[in-house]
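The values are calculated or read from the model by the stated rules, or taken from the named source; none is laboratory data. Everything numeric in this text was worked out from a predicted model, so none of it was measured. Neighbour counts are summed over all protein chains in view; Cβ atoms, including those assigned to glycine, are modelled from backbone coordinates with ideal geometry.
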Amino acid sequence: MSPQSQKDAGLVRSSRWIEALGRQDTIVSSIFARAGFEPVQPAVIQPAALFLDLLGEDLRARTYVFSDPDGRELCLRPDLTIPTAQHYLDQNEGCGEPQRYAYNGVVFRYQREDDNLARPREFRQSGIEHFAPPSPPKAEAEILALTVESIRAAGLRACNVRIGDIGIFDALLEGVDMPARWREQLRHHLRHPAAFRRQLQKLMKPEEFGRALADPLFRAIEAARRGTIRHGDGVAALEKHLEDQGLAIAGTRTLDEIALQLEGLAADLRSPPLDPRSALLLDAYVKLATPAKDTVSNIQALLKGTDINIDPALEQFEDRLKLTSQEGVDISEAPFSGGFGRQFEYYTGFVFEILSGALAEDTPVAGGGRYDKLVETINSGVSIAAVGAAIHADRLLLAVRGGRP
Amino acid sequence: MTEAGRDKLVLAVPSKGRLMEDTRAAFEKGGLSLARTGSERGYRGEIKELADVEVAFVSASEIADLLRKGEVHLGVTGEDLVRELMPDAELDVTFLKRLGFGHANVVVAVPDFWIDVSTMSDLEEAAVLYRRHHGTRMRVATKYRTLTRMHFGGHRYGEATRSVDTVTMYRIVESLGATEGAPAAGLAELIVDITSTGTTLKANGLRVLDDGVILKSQANLVASRHAPWSDLTDKLRDTVLEALGGPDPASA
């Protein structure tokens, strides 16, 4: 941060802006309330640990973290979905009851530039979350429709929806023949296009990435993988190897984890390489860009000549389009892209963003989707479906005003 | 730090230890004598041969901060400290000259018995598995938050393109000292720290990853872009730079 920018544009908001934002909040909140979403108000100051372990260092770098006099590590909330999910868990003790919440409040994120009006470091977020919905596709359609309705009611007539569906990618991955471990790797690398492509390359030639492991150890691990000896014996072989090498074991990472990794490496070296046609298919899907109404036929064209069947995922996609239009929002022309959604770590299925022509493409006025892993990650073990959306209220107002404050 | 109304160049140099002695020697070699004015413990000084230079003796990490704020024109400090404080250092300062002392590498080091992990890419894989087993992210103990985030995010100093070998499934725990002891103490799983010979790492059962050298740092003569530069201070900067052997070759 240069001293110039420390002079802080944007510290003071005009009363006109605040009043307009207040009116907009009222409109949006009343739509959420009418639809049956119960208002919640998470505290502005939150325990830092709740966010840090979930969101990682990228967001940590943009979160205002501090200690209080008792030495507790706290933060100004960088997000409202996570405290809302925590509230859901506190209220329901993981019994999986359906619950719908709406929130409206300020969140805080560090921005390097102080003068970008579309990226203020404190801004209001209005959002809805539906936990354990009885019908997730219906909840997805409802939440998208409500978000669009709110944005229109706030005065933004022209907005564009773009969509993606990580569920289709997952189904495709399941359909392609490869070790489960490779699926996990590809799923993990999905967020980084270059890493994803390189991983595909690598899996087509696994032998080139093999490593010279110490021989007796390698044989023991390899045998453990094949099931000729038990995993526990592989661990014992590892322990012996470490002892022979004089390598001390310390810290929290266990021999069990290391043995699992080594077994995985051994398996990679012996696995038949990924079929280049499969690699091509996955790459083509990630690059796919088509209007929503043509998505299914395009994917079917990609699958022609393979024995991969992902009909359930495709049917779900079609159902969602129908349900959304029944909710009064037609997204048949919305651009779908196979790679969209991969940048958000927590989404697990349908994803959407709402853009305004008045603002840059990387500053959407709203976004949301299906995130089934979040609750499970907060409270290890309990898997609960969830769908949600958040409107960036300051951006929405900026867009309504054609990009001018 | 500058006195109002008097045009002069302010140079910050390390106030103690090996770094101070090496700095003094480097200036001496170029025919410039650094000296403290007033009491022997004072933090102000002069260059005897250059009347319009004011010298400030401060700690090396504080020098980076003064450069960032533009409160001094020039400073002698470690590149690691500058880059840690300023993620886009080139916007705030200019590295004028590598001085050939204060060598230290900032590195990513893991327990040596992690025989399945020798690259950043291995580390990410191990971290994903770790999260599944332990329910938490792997912890990286460090004083170098910025450098850690950049390297783990794929940034590589001296390389034009980002590496695809990013590590995401980690979190940083601040370490205030004896970072290399953190993994054995169970306070972190791995570390990012400086090392000059590697013996401390080895003694603590740690090993540097193949692509784990974040920055090969040394002491630099650094100019602030935010200091009040004038014809006089421009000229004095060039004089100091020449005395230290002239600018680095551009490509190095």
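Of the numbered conditions (1) modelled with pLDDT of 95 or more; (2) among the hydrophobic types (A, V, I, L, M, F, W, C); (3) under 30 Å from A:GLU243 (Cβ atoms), B:VAL128 satisfies every one except a single condition; which is it?
Every condition holds for B:VAL128 apart from (1).
Filter the range A:241-256 down to the residues that are at the interface with another protein chain (Cβ under 8 Å from one of its Cβ atoms), under 14 Å from A:ALA220 (Cβ atoms) and free of Cβ contacts under 8 Å to residues at least 24 places away in the same chain and list them by number.
Within the range A:241-256, A:LEU242 is the sole residue that qualifies.
Of the residues B:ARG171, B:ARG156, only one is closer than 23 Å to A:ARG62 by Cα, among the basic types (Lys, Arg), within 16 Å of the chain's Cα centre (by Cα) and surrounded by fewer than 22 Cβ atoms within 10 Å (Cβ to Cβ); which?
Among B:ARG171, B:ARG156, only B:ARG156 is closer than 23 Å to A:ARG62 by Cα, among the basic types (Lys, Arg), within 16 Å of the chain's Cα centre (by Cα) and surrounded by fewer than 22 Cβ atoms within 10 Å (Cβ to Cβ).
B:VAL140 is checked against (1) over 25 Å from the mean Cα position of the chain (by Cα); (2) among the β-branched types (Val, Ile, Thr); (3) part of a strand (DSSP E or B) and fails just one. What number does that condition carry?
Going through (1) over 25 Å from the mean Cα position of the chain (by Cα); (2) among the β-branched types (Val, Ile, Thr); (3) part of a strand (DSSP E or B) one by one, B:VAL140 breaks only (1).
Just a yes or no: is a residue in the range B:170-181 without any contact (Cβ under 8 Å) to a residue 60 or more places away in the chain, within 11 Å of chain A (Cβ to nearest Cβ) and among the hydroxyl-bearing types (Ser, Thr, Tyr)?
Looking for residues that are without any contact (Cβ under 8 Å) to a residue 60 or more places away in the chain, within 11 Å of chain A (Cβ to nearest Cβ) and among the hydroxyl-bearing types (Ser, Thr, Tyr), one finds at least one in the range B:170-181, hence yes.
Tally time: how many residues in the range B:209-242 are in contact with a helix residue (DSSP H, G or I) (Cβ under 7 Å, 6 or more places away or on another chain) and aliphatic (A, V, I, L, M)?
Result for the range B:209-242: 7.
A quick yes/no check of all residues on (1) modelled with pLDDT under 95; (2) within 14 Å of chain A (Cβ to nearest Cβ):
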{"position": "B:LEU9", "(1), (2)": "no, no"}
{"position": "B:SER15", "(1), (2)": "yes, no"}
{"position": "B:ARG44", "(1), (2)": "yes, no"}
{"position": "B:LYS48", "(1), (2)": "yes, no"}
{"position": "B:LEU81", "(1), (2)": "no, no"}
{"position": "B:PHE95", "(1), (2)": "no, no"}
{"position": "B:VAL106", "(1), (2)": "no, no"}
{"position": "B:VAL117", "(1), (2)": "yes, yes"}
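Could you list, in sequence order, the residues of the range A:53-75 that are part of a loop (DSSP other than H, G, I, E, B) and either over 18 Å from B:PHE152 (Cβ atoms) or at the interface with chain B (Cβ under 9 Å from one of its Cβ atoms) (or both)?
Residues satisfying the conditions are A:ALA61, A:TYR64, A:ASP68, A:PRO69, A:ASP70, A:GLY71, A:ARG72.
Which of the helices (runs of 4 or more DSSP H) found entirely inside the range A:227-346 contain at least 3 residues meeting this: closer than 30 Å to B:GLY186 by Cβ?
Here the list reads A:231-245, A:255-270.
Could you list, in sequence order, the residues of the range A:184-216 that are within 9 Å of another protein chain (Cβ to nearest Cβ), part of a helix (DSSP H, G or I) and at pLDDT below 70?
Matches in the range A:184-216: none.
Name the one entry in B:THR148, B:THR233 that is part of a helix (DSSP H, G or I), among the hydroxyl-bearing types (Ser, Thr, Tyr), buried (at least 16 other Cβ atoms within 10 Å of the Cβ) and in contact with a Leu (Cβ under 8 Å, 6 or more places away or on another chain).
Values: B:THR148 fails: in contact with a Leu (Cβ under 8 Å, 6 or more places away or on another chain).
Answer to the check: B:THR233.
Taking the options B:ARG162, B:ARG132, name whichever one is within 11 Å of chain A (Cβ to nearest Cβ), of a type outside the set (Ser, Thr, Tyr), in a loop (DSSP other than H, G, I, E, B) and free of Cβ contacts under 8 Å to residues at least 24 places away in the same chain.
Working: B:ARG132 fails: in a loop (DSSP other than H, G, I, E, B).
Only one candidate qualifies: B:ARG162.
Report yes if B:VAL76 is touching a Pro at 6+ places or on another chain (Cβ under 8 Å) and either surrounded by 23 or more Cβ atoms within 10 Å (Cβ to Cβ) or more than 12 Å from chain A (Cβ to nearest Cβ) (or both), otherwise no.
Judged against the criteria, B:VAL76 is a match.
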